[in-house]
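Enquirer: Below is a structure I'd like to ask you about.
The values are calculated or read from the model by the stated rules, or taken from the named source; none is laboratory data. Predicted model only: the values in this text are computed from it and were never measured. FYI the Cβ positions are ideal-geometry reconstructions off the backbone, even for glycines, and counts take in every protein chain you see. We work out accessible area using only protein heavy atoms, side chains counted, and drop any ligands, DNA or RNA first. Shrake-Rupley method; radii C 1.70, N 1.55, O 1.52, S 1.80 Å.
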Amino acid sequence: MIARGERVDIIANARLTGADRLDPFGDEPVDVHLDGGLIADIAPARALPRRGAVLDAGGAWLVPGLWDHHVHTVQWALAAQRTGLGGATSAAHAAAIMATAPVLADGRRVGAGFRDALWPDAPTLAVLDAATGEIPTYLINADVHSVWLNSAALRREGHFLDAGGMLREEPAFEISRRLNAAATEVVDPLVSEMARDAASRGVVGIVDLDMAWNEEAWARRLAGGFDTLRVDFGLYPAHLDRALSEGLATGDPVRGAPDDLVRVGPLKVITDGSLGTRTAACSHPYPGDPANHGLLTVEPDVLVDLMTRAAGGGLACAIHAIGDIANSHALDAFAATGAWGTIEHAQLVAHADIPRFARLRVGASVQPAHALDDRDLTDAIWAEQTAQPYPLRALADAGANLLFGSDAPVSPLDPWAAMAAAVFRTRDGREPWQPQQGVDAAIALAASTRLGSAEATGLEPGATADLVVCGADPLAADEARLRGMTVAATLLAGRLTHVD
């Protein structure tokens, strides 16, 4: 039996799948021969001698390694220590949950995952204080764009007390940055555990968009033996001058690292808020609040300047845009600057803007699970919007490159759940939501790989041996089978990062 960490020479008795296949094998089992981290040959089972370490796929399906194109790594890892609030049905309920939440080693209670947009009562300082007392208590919204603090936490963080205790956008992000600045001996083991869990789901790589200077953290982890995932790490505007002065460019490996497993990723710019916090920049106002069209947190001229400087220094751009106004400005900035990269989220897009993604070669880095998380919010809060919410099929039909992710911890790091959401637009037995925006399984699988839906997902000699052996054909699986896909093995350049 081959163990995790060992290199595989042959994946035997595997079946191939994928769209636009050119191989002659059909459903017949094949042996995939590996050498030097690459696919060396694919042949009918036992047609060539089996020399070296053999992983018997037993007739299971072989697909390219999966990527999650939007992860907040430390925040996702720390979620294991935080009290889940996804089931909170009201402000009072959330406060009651936190009243009995464990106190962390730093003396704080931290909960995450609440969705207050449809609560029957408003979050107030009085409600939270009554339940939590003098222990500093922090409740992080599922969308991370707002944080509800009690009086003790507000005092600890140096904020004035007000009636709500709710911080939004940049003040909320600053609280998250402080909460995420946990000790290395706490964070790094949790990141390693998160990575092993991701590998067990067939993930070989992530785009890490933690709000920090990430190079040093990843260099430290690599030096400590981290070898489970490929990582492209993002930068933020606060670090752009440093990145440019030090010559960092997208695709460069971490400086001083023993290998090229971790590389510089894009400049991440957050240009508007979120649906759940009712701050996404939209063309029509939010219900009951005619003055509220959301927030542009970065003005268009500032965005153009940031993207011009980034592109000039060799950095790709990942532009957070949720509302239709934010998406329009982001596309305008790509057109004006010649920058390359992605729009992150693209949750509400004007119909006229949808074909611009393909024309400008801007990737649509989207999180299909959010469509199901937010379906009730979308129907209630964006009912008067005329732009298209979660336009996966429209973007694909227009030729845009889709890149799937989770935005973990906003939704779990699970590419199979993302694919199921994209294809079937439902879970938990509910009727499909806007099924006309579902994509076929071949697009969903391709969007879950390194280069996205615009690239073929076929396996061929010469390709990097980032591979997954899975228990069903993802192109033929029903919703339950796709969502619950079993992964027998995950390989990173031919090395096992997971094996059952």
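Enquirer: Quick check on region 308-327. Is at least one of its residues part of a strand (DSSP E or B), of a type in the set (A, V, I, L, M) and over 22 Å from Leu377 (Cβ atoms)?
Expert: Yes.
Enquirer: Determine the pairs where a residue that is in the same structural domain as Arg15 (by the TED database) and under 13 Å from Leu16 (Cα atoms), located within region 35-48, has a partner that is open to solvent by 60 Å² or more (accessible area, probe 1.4 Å) and assigned to a loop (DSSP other than H, G, I, E, B) with Cβ atoms under 9 Å apart, the partner being 6 or more residues away or on another chain.
Expert: Ile42/Glu460; Ile42/Pro461; Pro44/Glu28; Ala45/Glu28
Enquirer: Also: Within region 472-495, which residues are within 19 Å of Val8 (Cα to Cα) and touching a helix residue (DSSP H, G or I) at 6+ places or on another chain (Cβ under 9 Å)?
Expert: Result: Val487, Thr490, Leu492.
Enquirer: Tell me, which helices (runs of 4 or more DSSP H) lie completely within region 374-462 with 1 or more residues that are buried (at least 24 other Cβ atoms within 10 Å of the Cβ)?
Expert: By residue number, 392-397, 415-424, 441-447.
Enquirer: Of all residues in region 349-373, count the ones that are over 18 Å from Phe334 (Cβ atoms) and not polar (S, T, N, Q).
Expert: Going through region 349-373 one residue at a time, the tally reaches 7.
Enquirer: Can I ask one more? Might you check whether a residue that is of a type in the set (A, V, I, L, M, F, W, C), outside the structural domain of Ala371 (by the TED database) and within 18 Å of Gln75 (Cβ to Cβ) occurs anywhere in region 115-138?
Expert: No; the residues of region 115-138 include none that is of a type in the set (A, V, I, L, M, F, W, C), outside the structural domain of Ala371 (by the TED database) and within 18 Å of Gln75 (Cβ to Cβ).
Enquirer: Follow-up. Give the residue, chosen from Ser192, Ser146, that is at pLDDT 95 or above, surrounded by fewer than 21 Cβ atoms within 10 Å (Cβ to Cβ), closer than 24 Å to Met211 by Cα and within 20 Å of the chain's Cα centre (by Cα).
Expert: Ser192
Enquirer: Regarding Leu275, is this residue crowded, with 22+ Cβ neighbours inside 10 Å and part of a loop (DSSP other than H, G, I, E, B)?
Expert: yes
Enquirer: What are the pairs with Cβ atoms under 8 angstrom where one residue, in region 1-26, is in the same structural domain as Asp473 (by the TED database) and touching a residue at least 60 places away in the same chain (Cβ under 8 Å) and the other, located anywhere, is among the aromatic types (Phe, Trp, Tyr) and crowded, with 18+ Cβ neighbours inside 10 Å? Sequence gap at least six, or different chains.
Expert: Ala14/Trp61; Arg15/Trp61; Leu16/Trp61; Thr17/Trp61
Enquirer: Can you report the number of residues in region 297-323 which are out of contact with any Gly (no Cβ under 9 Å at 6 or more places or on another chain) and either open to solvent by 10 Å² or more (accessible area, probe 1.4 Å) or polar (S, T, N, Q) (or both)?
Expert: Residues in region 297-323 being out of contact with any Gly (no Cβ under 9 Å at 6 or more places or on another chain) and either open to solvent by 10 Å² or more (accessible area, probe 1.4 Å) or polar (S, T, N, Q) (or both): 10 in total.
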